[in-house]
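**Q** One structure, pasted below without further comment.
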């Protein structure tokens with residue numbers, strides 16, 4: 001089974017803790033900076049988890065939106081306050097950037113949309129009037145429930161005038177990668193020749209941070225080095241936020257309109273652990289299968305991979321399981337294969353993680369620069385892989401990116417350099 | 001195309017296609033006063049719930065009531081493939097805030113959420129986050145069914161169609177030998193009733209006229225859970241089309257999904273908006289002039305994400321029973337989007 005290698009990326013848009021565009025994201029990775037710090041977007045001082053990797057904006061209002069989404073016909077979305085929701089705003093910004101970079105215009109509006117979205121609850125600030133009324137609105141009247149999971153898709157669709165089909169992915173931390181894989185599938189299957197694909201998420205709010213704190217998933221240390229992927233002293237993740245959207249196109253369509261291919265989506269694979277809802281399969285066998293399927297679809301051997309962009313959450317259980325999976329797939333090549341996790345630098349972006357981390361993979365292919373693993377100092381012997389701590393200059397032709405979600409959903413996407 | 005090897009349902013009129021078809025043939029339509037919570041103050045007085053309660057489950061804390069019905073349905077399927085060769089695709093209508101889980105966190109909060117942790121967020125259940133995780137059912141189903149092959153979770157009103165299509169593509173690619181597709185959704189929740197009534201999608205009268213009849217004034221909010229077992233073969237195909245609109249899909253969009261050889265039977269979208277209903281009937285009649293017409297959503301209530309699966313199960317049963325040789329199920333549940341599944345004679349079941 002081999003992918004026909006038809007799918008190219010022609011536009012990338014990123015909103016990350018490094019800043020509001022792809023340029024700031026790439027500069028942050030090159031500079032090996034870490035963005036984990038005290039939470040500023042709400043008062044988290046009394047929370048057990050007080051640090052996160054935040055996009056550098058405290059609150060999103062109409063003035064901020066007009067400055068960061070100039071000219072975008074977001075209309076009712078901004079007027080009604082929907083875009084004050086961080087992840088919706090990030091999704092729209094990343095979509096606009098990808099669209100712009102790809103040079104998309106009216107003819108591209110037929111694009112399908114394949115988007116991953118994080119946990120959707122009611123808009124938090126809408127609870128304020130309810131609280132003042134002593135929770136009189138117990139049945140939800142007057143509150144704007146973000147029950148439609150396609151909210152971000154609709155906002156982006158309205159913003160860009162899209163008319164294509166919409167797919168919303170809800171596979172938790174694997175959703176961003178699966179959204180891109182699905183986009184590539186739509187093109188390979190001839191359903192469409194252009195897709196806007198990616199993910200957006202933000203759990204940096206009292207419910208998200210509070211819920212994760214109760215789960216005891218984040219590191220208990222309120223330090224910049226809270227997340228230490230594959231490190232012997234790791235003790236949990238750091239919550240992040242952001243969005244990444246990609247314009248995926250059939251290579252022929254891109255060529256016909258003069259769009260520059262930035263990378264090729266060469267393969268993908270997914271699997272389920274079938275083990276537990278709260279922890280990964282310890283031997284990594286299902287995760288290994290997702291990686292193998294990606295390689296099979298690409299028609300490439302494990303030894304052809306030049307860099308592995310790991311899921312690497314910095315939690316006690318994920319990292320060794322993923323390391324075992326990598327060792328299982330790559331065998332002795334694992335001794336040489338550079339592996340990085342971005343989560344020490346930008347946190348765990350949840351549903352957006354797979355998408356934002358793929359943007360780093362595009363950068364690696366274009367610049368021959370492999371991002372390092374922030375706050376990784378001492379490799380855990382239980383993780384027998386070659387983790388690179390510092391950014392490393394190295395030519396790569398193929399990159400494999402892993403996203404392993406809560407509940408044991410695994411996704412791997414393989415990108416190839418465009419000649 | 002894929003072949004349907006097994007189907008298990010939880011609907012307002014029964015748990016098998018045969019039960020549902022028999023009751024519909026006898027003239028039954030699901031609907032009544034809301035038995036699930038105090039519904040008198042809501043604008044939608046008529047709902048179509050799944051009767052009874054799901055099985056007791058150790059996973060109850062992770063799953064909503066309708067999701068537990070989905071687990072029950074999936075447990076009835078008997079795939080021959082397991083492990084890496086069994087794919088799992090789930091479709092969830094939406095993630096909706098559940099007040100009972102929120103109340104402890106919000107009851108004593110200040111309006112500006114000062115001191116939020118001590119005033120309530122510390123009272124969130126330790127597994128609150130997992131309880132609201134978007135792919136809970138996927139995780140638990142993969143354990144229950146030993147399904148470890150490729151799979152995805154989709155969200156939204158047409159997620160069932162997406163899940164069916166993705167399962168088919170994986171089967172065709174040969175990465176799995178069988179796929180279980182599970183979908184569930186419920187509109188019988190406070191916030192859904194409020195929202196559906198506000199935008200005129202749901203009827204605000206008791207015992208409203210069904211779709212495609214004079215006086216139709218919106219759907220009856222319902223719920224359903226469905227699980228299908230698919231294998232490679234002929235029988236079931238899914239198509240989607242979009243027009244980017246914010247309301248119901250255009251007639252042209254409906255016609256695009258209805259392309260193909262004429263069918264014997266159409267299961268309509270059942271939107272219960274007179275103008276749309278009439279346009280739908282008229283347009284489809286031109287494309288499929290000899291097709292009979294039915295509407296499962298009108299009988300069962302508005303189902304959302306599992307609509308495509310329920311339609312597939314019903315139409316497959318009708319084809320097997322000799323009622324027709326081919327059928328088309330339509331859905332217009334998402335803004336500007338239409339989905340259709342075509343069901344034809346499929347492989348005999350074991």
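**Q** Among the numbered conditions (1) surrounded by 20 or more Cβ atoms within 10 Å (Cβ to Cβ); (2) in a helix (DSSP H, G or I); (3) facing chain A (nearest Cβ under 9 Å), tell me where residue B:109 comes up short.
**A** Exception for residue B:109: condition (2).
**Q** Collect the residues in the stretch B:322-339 that are under 13 Å from the mean Cα position of the chain (by Cα) and within 14 Å of chain A (Cβ to nearest Cβ), keeping them in residue-number order. Explain how you work it out, then say what you get.
**A** Initial filter on the stretch B:322-339 (under 13 Å from the mean Cα position of the chain (by Cα)): B:329-334, B:339.
Within the stretch B:322-339, B:331, B:332, B:333, B:334, B:339 meet the criteria.
**Q** Separate question: In this structure, is residue B:48 closer than 15 Å to residue B:222 by Cβ and either surrounded by fewer than 20 Cβ atoms within 10 Å (Cβ to Cβ) or modelled with pLDDT of 95 or more (or both)? Can you show your working first?
**A** Working: closer than 15 Å to residue B:222 by Cβ: yes; either surrounded by fewer than 20 Cβ atoms within 10 Å (Cβ to Cβ) or modelled with pLDDT of 95 or more (or both): yes.
Against the criterion (closer than 15 Å to residue B:222 by Cβ and either surrounded by fewer than 20 Cβ atoms within 10 Å (Cβ to Cβ) or modelled with pLDDT of 95 or more (or both)), residue B:48 qualifies.
**Q** I'd like the full set of residues that are in a loop (DSSP other than H, G, I, E, B), more than 15 Å from residue B:301 (Cβ to Cβ) and under 21 Å from the mean Cα position of the chain (by Cα), limited to the stretch B:167-217.
**A** Result: B:199, B:200, B:212.
**Q** Could you pull out the residue among B:201, B:197 that is closer than 12 Å to residue B:273 by Cβ and either within 14 Å of another protein chain (Cβ to nearest Cβ) or surrounded by 24 or more Cβ atoms within 10 Å (Cβ to Cβ) (or both)? Write out each step before concluding.
**A** Numbers: B:197 fails: closer than 12 Å to residue B:273 by Cβ.
Among B:201, B:197, only B:201 is closer than 12 Å to residue B:273 by Cβ and either within 14 Å of another protein chain (Cβ to nearest Cβ) or surrounded by 24 or more Cβ atoms within 10 Å (Cβ to Cβ) (or both).
**Q** Filtering the stretch B:158-172 down to residues that are at the interface with chain A (Cβ under 9 Å from one of its Cβ atoms) and in contact with a helix residue (DSSP H, G or I) (Cβ under 8 Å, 6 or more places away or on another chain), which residue is farthest from residue A:199 (Cα to Cα)?
**A** B:169
**Q** Mind checking whether some residue in the stretch A:324-339 is crowded, with 23+ Cβ neighbours inside 10 Å, free of Cβ contacts under 8 Å to residues at least 40 places away in the same chain and not in a loop (DSSP other than H, G, I, E, B)?
**A** Within the stretch A:324-339, one or more residues are crowded, with 23+ Cβ neighbours inside 10 Å, free of Cβ contacts under 8 Å to residues at least 40 places away in the same chain and not in a loop (DSSP other than H, G, I, E, B).
**Q** Next question. Taking residue B:272 and the conditions (1) farther than 18 Å from residue B:181 by Cβ; (2) buried (at least 24 other Cβ atoms within 10 Å of the Cβ); (3) in contact with a helix residue (DSSP H, G or I) (Cβ under 6 Å, 6 or more places away or on another chain), which numbered condition does it fall short on, given that it satisfies the others?
**A** So the condition that residue B:272 fails would be (3).
**Q** Next question. Criterion first (in contact with a helix residue (DSSP H, G or I) (Cβ under 9 Å, 6 or more places away or on another chain), farther than 26 Å from residue B:47 by Cβ and buried (at least 24 other Cβ atoms within 10 Å of the Cβ)) does residue B:179 satisfy it? Give the steps one after another, and end with the answer.
**A** Numbers: in contact with a helix residue (DSSP H, G or I) (Cβ under 9 Å, 6 or more places away or on another chain): yes; farther than 26 Å from residue B:47 by Cβ: yes; buried (at least 24 other Cβ atoms within 10 Å of the Cβ): yes.
Criteria met by residue B:179.
**Q** Return the residues of the stretch A:161-203 that are crowded, with 24+ Cβ neighbours inside 10 Å, more than 8 Å from every other protein chain (Cβ to nearest Cβ) and assigned to a loop (DSSP other than H, G, I, E, B); say none if nothing qualifies.
**A** Matches in the stretch A:161-203: A:203 only.
**Q** If a residue must be at pLDDT 80 or above, touching a helix residue (DSSP H, G or I) at 6+ places or on another chain (Cβ under 8 Å), in a helix (DSSP H, G or I) and within 7 Å of chain A (Cβ to nearest Cβ), how many such residues does the stretch B:127-138 contain? Reasoning before the result, please.
**A** Quick first cut of the stretch B:127-138, residues at pLDDT 80 or above only: B:135-138.
Those left that are additionally touching a helix residue (DSSP H, G or I) at 6+ places or on another chain (Cβ under 8 Å): B:135-137.
With in a helix (DSSP H, G or I) added as a condition, the list becomes B:136-137.
Retained after the next criterion (residues that are within 7 Å of chain A (Cβ to nearest Cβ)): B:136.
Qualifying residue count for the region: 1.
**Q** Please specify each residue of the stretch B:139-157 satisfying the condition of being within 25 Å of residue B:249 (Cβ to Cβ) and within 7 Å of another protein chain (Cβ to nearest Cβ). Working first, answer last.
**A** Initial filter on the stretch B:139-157 (within 25 Å of residue B:249 (Cβ to Cβ)): B:152-157.
Matches in the stretch B:139-157: B:152, B:153, B:154, B:155, B:156.
**Q** Let me ask you something else. Regarding residue B:116, is this residue facing chain A (nearest Cβ under 9 Å) and more than 25 Å from residue B:300 (Cβ to Cβ)?
**A** Working: facing chain A (nearest Cβ under 9 Å): yes; more than 25 Å from residue B:300 (Cβ to Cβ): yes.
Yes, satisfied.
**Q** On the basis of being away from chain A (no Cβ under 14 Å) and assigned to a strand (DSSP E or B), does residue B:9 make the cut?
**A** On the way: away from chain A (no Cβ under 14 Å): yes; assigned to a strand (DSSP E or B): yes.
Spelling it out, residue B:9 is indeed away from chain A (no Cβ under 14 Å) and assigned to a strand (DSSP E or B).
**Q** Somewhere in the stretch A:240-256, is a residue at pLDDT below 95 and within 30 Å of residue A:39 (Cα to Cα)?
**A** Of the residues in the stretch A:240-256, the ones at pLDDT below 95 are none.
No, the stretch A:240-256 has no match at all.
**Q** Considering only helices (runs of 4 or more DSSP H) fully contained in the stretch B:218-321, which possess at least 3 residues that are under 14 Å from the mean Cα position of the chain (by Cα) and within 27 Å of residue A:113 (Cα to Cα)? Outline the logic, then answer.
**A** On the way: elements: B:251-257, B:274-287, B:296-300, B:307-320.
Fully inside the stretch B:218-321 and qualifying: B:307-320.
**Q** Quick one: which strands (runs of 3 or more DSSP E) lie wholly within the stretch A:1-107 and hold at least 3 residues that are within 14 Å of chain B (Cβ to nearest Cβ), farther than 20 Å from residue A:352 by Cβ and modelled with pLDDT of 85 or more?
**A** On the way: elements: A:7-15, A:36-38, A:51-53.
Where strands (runs of 3 or more DSSP E) fall fully within the stretch A:1-107, none carries at least 3 residues being within 14 Å of chain B (Cβ to nearest Cβ), farther than 20 Å from residue A:352 by Cβ and modelled with pLDDT of 85 or more.
**Q** Out of (1) facing chain A (nearest Cβ under 7 Å); (2) buried (at least 24 other Cβ atoms within 10 Å of the Cβ), what's the single condition that is false for residue B:124?
**A** Evaluating residue B:124 over (1) facing chain A (nearest Cβ under 7 Å); (2) buried (at least 24 other Cβ atoms within 10 Å of the Cβ) leaves (2) as the failure.
The values are calculated or read from the model by the stated rules, or taken from the named source; none is laboratory data. Note that the coordinates shown come from a computational prediction; the quantities given were computed from them, not determined experimentally. Please note: Cβ atoms are built from the backbone with ideal geometry, for glycine as well, and neighbour counts cover all protein chains shown.
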